[in-house]
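Colleague: Please read through the structure below; I'll follow up with questions.
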Amino acid sequence: MKKKAILAMLLAMCLLLSGCALIKKDAAVDAKRVILSYNGTDVTKAEVQAQVQYQLQQNAYMYYMYYGGEYDTTDPANIAAAQEAAVEAIKQDLVLKAKIKELGIEEKLTEEDLAAIQETAQSDYDYALSQAESLVDQTLEGDAKKEAAAQYLTDKGISLDDYVEEAKNDKLSELLKQEIIKDVVVTDEEVQADFDSKVESDKSLYGEKASSYADAANNGTVYYAPAGVRRVKQILIKFKEEDQTAITAAKEKVTTANSKVTAAQQILDTEEASEEEKAQAQTDLEAAQAELDAANAEVDALTDTAYANIDEAADDVLKQLAEGADWDTLMAEKTEDPGMKAGRDTAETGYAVAEGMTTFDSAFVTAAMGLKAVGDVSDKTRGASGGYYIIKYWADQPEGPIALDTVKETLQSTLLSTKQNDFYNTTVDEWIEAANIKVDMNALRD
């Protein structure tokens with residue numbers, strides 16, 4: 001289903017207004033009836049139906065990808081919705097093509113643009129070929145299979161030229177959009193207003209919830225910080241691979257034994273169980289409990305051994321810090337925490353930590369909040385991450401709004417993108433409305 005859905009959508013991609021061979025070969029009823037006209041271009045029922053099929057196949061593909069189910073392409077309601085969507089897409093396509101011609105957009109294509117168009121088209125066509133291979137004789141192999149796939153596309157009226165035309169139209173649409181939005185700007189006042197709005201929103205969310213703030217701040221920008229939050233960095237010394245493997249295997253024994261304990265206990269708790277069944281269950285329970293105790297003891301012993309095997313490495317880190325080693329330099333060299341690696345924001349700012357937060361190991365939070373002053377470093381602390389935490393109290397998170405300068409560029413970029421898209425969509429909608437394209441929906445639905 002999946003491969004067929006992908007191919008169906010890809011094949012439908014060429015069924016636009018480029019007049020590809022598949023449309024020309026379409027023998028559907030009333031194929032030549034004109035459904036809509038604009039600027040000297042007539043769009044026939046066959047062409048609209050091709051776009052309808054594209055909409056339906058795209059919907060089916062997306063429905064499968066998101067929900068894993070079948071989308072009924074024969075349902076009248078789905079067909080009606082696809083017809084409306086197809087007509088709107090065609091109307092927009094007609095108007096935009098007219099504007100591209102009117103504004104001389106094609107003349108702005110560079111040699112680099114043309115090369116990129118060809119490259120994109122070739123890539124898309126090659127992908128269609130690879131998908132078509134799943135629809136040809138599966139007894140074929142190698143070049144014979146590839147040739148059969150190429151012939152399959154040819155028979156469907158799909159060629160490399162169709163993909164070139166599509167890629168070219170996409171580029172022209174992109175250049176048209178750039179022309180439309182070229183004068184759109186975002187003012188400092190708009191940035192300030194957006195910033196103030198975000199500050200107020202986050203203040204209402206986190207103003208008195210330090211733990212919630214810390215959880216959120218470690219996953220993105222939060223615009224207002226409450227009191228009681230600090231920033232910490234850590235050097236994580238993880239278990240050696242062989243020790244972690246042994247612990248994982250022992251924990252699997254714990255899981256198995258727990259299942260046996262649960263199963264035996266369920267029989268003992270079942271009123272309908274016979275005395276003989278309960279007697280056997282009691283024996284099984286005792287054996288399973290012994291097995292569980294032994295597995296837990298094995299996990300504890302292996303864990304102690306794992307910590308012993310990294311004591312020297314952790315002690316060496318603490319020794320170097322005590323002798324004045326630069327924290328960030330040593331952290332970059334020694335930590336096995338991805339969040340403390342170069343290139344991560346948290347490696348620069350430290351993690352936000354507060355009492356009561358739940359997204360971090362409680363042992364980590366307790367050690368981090370137990371440090372008395374900025375600059376203090378914890379002893380090695382056993383953690384749920386499978387190793388030792390060595391934590392430095394990096395800074396206090398200032399209470400109140402973050403500095404506008406730290407987010408201004410991002411806010412401005414996001415606002416500009418939104419404003420440009422809104423202006424573009426509004427402009428296109430106005431063009432389509434002004435075009436006053438007449439559509440014969442009755443003929444399409446016949």
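The values are calculated or read from the model by the stated rules, or taken from the named source; none is laboratory data. Remember, it's a predicted structure, so these values are computed and weren't measured experimentally. We place every Cβ from the backbone using ideal geometry, glycine too, and count neighbours over all the protein chains shown.
Colleague: Taking the range 295-316 on its own, how many of its residues are in contact (Cβ under 8 Å) with a residue 24 or more places away in the chain, small (Gly, Ala, Ser) and within 13 Å of Val254 (Cα to Cα)?
Modeller: Qualifying residue count for the region: 1.
Colleague: Can you find a residue in the range 180-199 that is in contact with a strand residue (DSSP E or B) (Cβ under 7 Å, 6 or more places away or on another chain) and charged (D, E, K, R)?
Modeller: For the range 180-199, residues in contact with a strand residue (DSSP E or B) (Cβ under 7 Å, 6 or more places away or on another chain) and charged (D, E, K, R): absent.
Colleague: Determine which single condition Tyr38 fails, assuming it passes every other condition in (1) more than 26 Å from Ile432 (Cβ to Cβ); (2) among the hydroxyl-bearing types (Ser, Thr, Tyr); (3) over 30 Å from the mean Cα position of the chain (by Cα).
Modeller: (1)
Colleague: Further question: Do you know which residues across the range 387-433 are under 30 Å from Gln234 (Cβ atoms) and crowded, with 19+ Cβ neighbours inside 10 Å?
Modeller: Within the range 387-433, Gly387, Tyr388, Tyr389, Ile390, Ile391, Lys392, Tyr393, Trp394, Gln397, Ile402 qualify.
Colleague: Just to be sure before I move on: is Leu330 of a type outside the set (S, T, N, Q), surrounded by 12 or more Cβ atoms within 10 Å (Cβ to Cβ), without any contact (Cβ under 8 Å) to a residue 60 or more places away in the chain and part of a helix (DSSP H, G or I) in the structure I sent?
Modeller: No, not satisfied.
Colleague: Could you check, for the range 88-98, whether at least one of its residues is in the same structural domain as Lys146 (by TED's automatic domain parsing) and part of a strand (DSSP E or B)?
Modeller: Checked the range 88-98: no residue is in the same structural domain as Lys146 (by TED's automatic domain parsing) and part of a strand (DSSP E or B).
Colleague: Here's a follow-up. May I ask you to say which residue of Tyr213, Tyr163, Tyr223 is farther than 27 Å from Thr366 by Cβ and assigned by TED's automatic domain parsing to the domain that holds Thr349?
Modeller: Tyr223
Colleague: Moving to a separate point now. I'd like to check something: does the range 99-119 contain any residue that is of a type in the set (Ser, Thr, Tyr), in the same structural domain as Met441 (by TED's automatic domain parsing), surrounded by 15 or more Cβ atoms within 10 Å (Cβ to Cβ) and on the phi < 0 side of the Ramachandran plot?
Modeller: Scanning the range 99-119, I find no residue that is of a type in the set (Ser, Thr, Tyr), in the same structural domain as Met441 (by TED's automatic domain parsing), surrounded by 15 or more Cβ atoms within 10 Å (Cβ to Cβ) and on the phi < 0 side of the Ramachandran plot, so the answer is no.
Colleague: Something else now. Test each condition in (1) on the phi > 0 side of the Ramachandran plot; (2) at pLDDT 95 or above for Glu336 and report the one that comes out false.
Modeller: Of everything listed in (1) on the phi > 0 side of the Ramachandran plot; (2) at pLDDT 95 or above, Glu336 misses just condition (1).
Colleague: Additional query: Out of Glu166, Glu107, Glu88, report the one residue that is charged (D, E, K, R) and touching an Asp or Glu at 6+ places or on another chain (Cβ under 8 Å).
Modeller: The match here is Glu166.
Colleague: Would you be able to tell me the number of residues in the range 203-238 that are over 11 Å from Val353 (Cα atoms), touching a helix residue (DSSP H, G or I) at 6+ places or on another chain (Cβ under 8 Å) and not in a strand (DSSP E or B)?
Modeller: 7
Colleague: Looking at (1) in contact with a helix residue (DSSP H, G or I) (Cβ under 6 Å, 6 or more places away or on another chain); (2) within 30 Å of Glu102 (Cα to Cα); (3) charged (D, E, K, R), which is the one condition that is false for Lys145?
Modeller: That leaves (2) as the condition not met.
Colleague: Here is a further query. Search the range 361-372 for residues being closer than 17 Å to Ile237 by Cα and touching a residue at least 60 places away in the same chain (Cβ under 8 Å), and hand back the single one that is surrounded by the fewest Cβ atoms within 10 Å (Cβ to Cβ).
Modeller: In this case the residue turns out to be Phe364.
Colleague: From Ser159, Ser201, which residue is surrounded by fewer than 20 Cβ atoms within 10 Å (Cβ to Cβ) and under 30 Å from Ser417 (Cβ atoms)?
Modeller: Answer to the selection: Ser201.
Colleague: Check every one of the helices (runs of 4 or more DSSP H) wholly within the range 107-188 and list those with 2 or more residues that are of a type in the set (D, E, K, R) and touching a residue at least 24 places away in the same chain (Cβ under 8 Å).
Modeller: Qualifying helices (runs of 4 or more DSSP H): 111-132, 160-181.
Colleague: Here is a follow-up. Can you report the number of residues in the range 392-446 which are under 30 Å from Gly324 (Cβ atoms) and in contact with an Asp or Glu (Cβ under 8 Å, 6 or more places away or on another chain)?
Modeller: 2
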